[in-house]
1. Can you find a residue in the stretch 32-49 that is modelled with pLDDT of 95 or more, among the β-branched types (V, I, T) and under 11 Å from F5 (Cβ atoms)?
2. Filtering the stretch 75-91 down to residues that are in contact (Cβ under 8 Å) with a residue 24 or more places away in the chain and not small (G, A, S), which residue is nearest to L19 (Cα to Cα)?
3. For the stretch 19-43, what are the residues that are under 16 Å from G80 (Cα atoms) and either surrounded by fewer than 16 Cβ atoms within 10 Å (Cβ to Cβ) or in contact (Cβ under 8 Å) with a residue 40 or more places away in the chain (or both)?
4. May I ask you to list pairs of residues, at least six apart or on different chains, whose Cβ atoms are under 9 Å apart, with the first in the stretch 52-64 being modelled with pLDDT under 95 and part of a loop (DSSP other than H, G, I, E, B) and the second being of a type in the set (D, E, K, R) and surrounded by fewer than 17 Cβ atoms within 10 Å (Cβ to Cβ)?
5. When you go through F63, F72 one by one, which is the residue that is under 12 Å from I2 (Cβ atoms), surrounded by 13 or more Cβ atoms within 10 Å (Cβ to Cβ) and touching a Leu at 6+ places or on another chain (Cβ under 9 Å)?
Amino acid sequence: MIELFKKVAFWEGVSYLVLLFVAMPMKYLAGYAMAVRVVGMAHGVLFVLFCVILADLLRRKDFTLGFAGFAFLMSLLPFGTFVLEGKIKTS
């Protein structure tokens, strides 16, 4: 489950960066609002999946409450999930 979490965290981070640095400029500079709708939906789905898996890992006691809080905070920061991915210990 931790490996799945790492993969979801990676793609959630990629989708966040695409949303911030590609889709939003396309919307506000080029008037192409559909970019935000499409990328925003994909990012939203990945973010929810990230949170569900994070909660499950916390419930299973694979992560401590402190680490889960850190992981959630990293999901809110650009490039944060890439930092998080490096800090996750796998058995």
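1. Within the stretch 32-49 (the criterion being modelled with pLDDT of 95 or more, among the β-branched types (V, I, T) and under 11 Å from F5 (Cβ atoms)), the answer is no, since none of the residues qualifies.
2. P78
3. The initial filter retains those residues of the stretch 19-43 that are under 16 Å from G80 (Cα atoms), namely 19-21, 43.
Residues satisfying the conditions are L20, F21.
4. Within 9 Å, the pairs are D62/D56.
5. On the way: F72 fails: under 12 Å from I2 (Cβ atoms).
Result of the check over F63, F72: F63.
The values are calculated or read from the model by the stated rules, or taken from the named source; none is laboratory data. Just so you know, these numbers come straight off a predicted model, no measurement behind them. Neighbour counts are summed over all protein chains in view; Cβ atoms, including those assigned to glycine, are modelled from backbone coordinates with ideal geometry.
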